[in-house]
1. Could you go through segment 17-39 and let me know if any residue there is part of a helix (DSSP H, G or I), in contact (Cβ under 8 Å) with a residue 40 or more places away in the chain and under 12 Å from the mean Cα position of the chain (by Cα).
2. What is the residue count in segment 32-52 for residues that are among the hydrophobic types (A, V, I, L, M, F, W, C) and modelled with pLDDT under 90?
3. Being loosely packed, with under 12 Cβ neighbours inside 10 Å and at pLDDT 90 or above is the filter here, so list the residues in segment 1-24 that pass it.
4. Can you tell me how many residues in segment 6-39 are of a type in the set (Ser, Thr, Tyr) and more than 19 Å from residue 61 (Cβ to Cβ)?
5. Does segment 53-69 hold any residues that are modelled with pLDDT under 70 and either under 15 Å from residue 15 (Cα atoms) or not in a helix (DSSP H, G or I) (or both), and which are they?
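The values are calculated or read from the model by the stated rules, or taken from the named source; none is laboratory data. Every value quoted in this text rests on a predicted model; they were computed, and no experiment measured them. No Cβ is skipped: glycine too gets one built from the backbone with ideal geometry, and neighbour counts run over all protein chains shown.
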Amino acid sequence: MSDTQLTQQQRYRIYAPGKGNHGQREIADIIGCHPGTISRELRRNRGMKGYRPRQAHGLAIARRQDKARPRINGSV
């Protein structure tokens, strides 16, 4: 289990077992991450049509870029 961010490939791996009868713990074992990671990923990125890995990855990248932007103006 690593403390890295999920890759697009891992998001597709969350999606595939999610279509079956796999629980979040089983999906976490398949991917090799903590079950809480799966829970947060699904909660953050589940839309009206369910979990979509391509959309989830795009949202994650957008959140990462927003986080990297400086919040304080240089003239202060």
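1. Within segment 17-39, the subset part of a helix (DSSP H, G or I) is 17-18, 24-31, 35-39.
From what's left, in contact (Cβ under 8 Å) with a residue 40 or more places away in the chain: none.
No - not one qualifying residue is present in segment 17-39.
2. The first filter runs over segment 32-52 and keeps only residues among the hydrophobic types (A, V, I, L, M, F, W, C), leaving 33, 38, 42, 48.
Narrowing the set further to residues that are modelled with pLDDT under 90 leaves 48.
So the answer is 1.
3. Answer for segment 1-24, where residues must be loosely packed, with under 12 Cβ neighbours inside 10 Å and at pLDDT 90 or above: just 9.
4. Our first condition is that a residue be of a type in the set (Ser, Thr, Tyr); within segment 6-39, this holds for 7, 12, 15, 37, 39.
The next check asks that each one be more than 19 Å from residue 61 (Cβ to Cβ); those that pass are 39.
Adding up the residues that qualify gives 1.
5. Step one: list which residues in segment 53-69 are modelled with pLDDT under 70, which gives 68-69.
Answer for segment 53-69, where residues must be modelled with pLDDT under 70 and either under 15 Å from residue 15 (Cα atoms) or not in a helix (DSSP H, G or I) (or both): just 69.
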